[in-house]
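J.: Got a structure for you, written out below as structure tokens; questions coming shortly.
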Amino acid sequence: MTKVLTIDYEKCTGCRLCEQVCSVKHEGVSNPARSRIKVVKWEEEGLYIPMVCQQCESAPCIAACPMNIRSRDEQLGRIVTNYDQCIGCKTCIAVCPFGAVGFDPVAKKVISCDLCDGNPVCVRFCFTEALQYVDDSNINKKRQREAAEKLYEAKRSFAAEPTA
């Protein structure tokens, strides 16, 4: 059975330890700009929201890639990128509805969560258990989909608010 990374943003305290350990794991440096997970702070609501690749079933980033270098690893249920053939066009960044595909400014490459090859380091260091890596089931998929839809709607309503 595959596993999924779930996020309960109501448990997130905004410590950003997940960003730190992710960048150390993948890039060898503590630099949140190079992390595959981003914690977004919504000031007015007083919320911290960890944003990470949702490993979408019908992933827009896979469909939109002009080089066809993004694909699904069925064994781990994750989206992978063939960096040897990536041209850095950033189309995958533009089409991600969750803003979960990023760009590493140092390595000059697109980055997204790869589930740390089945052992996400962010989960191991999340002391509030806002991040969990759990067995895939209909209940978990439903919960993940509902959370993703809430985040998407909140993001849309936040973007639609007039600025002063």
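The values are calculated or read from the model by the stated rules, or taken from the named source; none is laboratory data. Since this is a predicted model, take the numbers as computed values, not measurements. No Cβ is skipped: glycine too gets one built from the backbone with ideal geometry, and neighbour counts run over all protein chains shown. Only protein heavy atoms, including side chains, enter the accessible area calculation; ligands, DNA and RNA are left aside. Shrake-Rupley method; radii C 1.70, N 1.55, O 1.52, S 1.80 Å.
J.: Protein chains only, probe 1.4 Å: how do LEU17, LEU115 rank by accessible area, largest first? Let's see the in-between values first.
T.: Values: LEU17 65, LEU115 5 Å².
Sorted by accessible area, descending: LEU17, LEU115.
J.: Isolated Cys in the chain by the 4.7 Å beta carbon test?
T.: That list is CYS12, CYS15, CYS22, CYS56, CYS65, CYS86, CYS89, CYS96, CYS116, CYS126.
J.: Do any trypsin sites (Lys or Arg not before Pro) in segment 3-97 lie in a loop, going by DSSP, with at most 14 other beta-carbon atoms within 10 Å of their beta carbon, and if so which? Display every interim value, and only then the final one.
T.: Values: sites: LYS3, LYS11, ARG16, LYS25, ARG34, ARG36, LYS38, LYS41, ARG70, ARG72, ARG78, LYS90; in loops: ARG16, ARG36, LYS90.
Of the trypsin sites (Lys or Arg not before Pro), the ones in loops of segment 3-97 whose Cβ has at most 14 other Cβ atoms within 10 Å are LYS90.
J.: In terms of modelled amide H atoms, which long-range or inter-chain residues lie less than 5 Å from the amide H of PHE103?
T.: Here the answer is ILE111, since their amide H atoms fall under 5 Å of that of PHE103.
J.: Continuing with the same structure: Filter LYS41/LYS150; LYS11/LYS150; LYS11/LYS38; LYS11/LYS41; LYS25/LYS90; LYS109/LYS150 down to the pairs with a C-alpha to C-alpha distance above 18 Å, please.
T.: In this structure, LYS25/LYS90; LYS109/LYS150 exceed 18 Å between Cα atoms.
J.: Taking segment 43-129 on its own, what percent of its Cα-Cα pair distances exceed 20 Å?
T.: Working: 1450 of 3741 pairs.
Summing the P(r) tail past 20 Å for segment 43-129 gives 39 percent.
J.: Could you tell me the ratio Rg/Rh of the chain? Both radii from Cα atoms, Rh via Kirkwood.
T.: Value, to two decimals: 0.94.
J.: Which of LEU151, TYR9, VAL29 sits closest to the plus end of the dipole of the chain, meaning its Cα is farthest towards the positive end, when Lys and Arg get +1 and Asp and Glu get -1 on the C-beta?
T.: Checked the options; the winner is VAL29.
J.: Return the long-range amide H neighbours of ARG78 (sequence gap of 5 or more, or a different chain), with a cut-off of under 5 Å between placed amide H atoms.
T.: Excluding prolines and chain starts, which carry no amide H, the hits are ASP73.
J.: Another question, if that's okay. For SER23, SER71, what's the largest-to-smallest order of accessible area, 1.4 Å probe? Before the final figure, lay out each step's value.
T.: Numbers: SER23 0, SER71 55 Å².
Listed by decreasing accessible area, they come as SER71, SER23.
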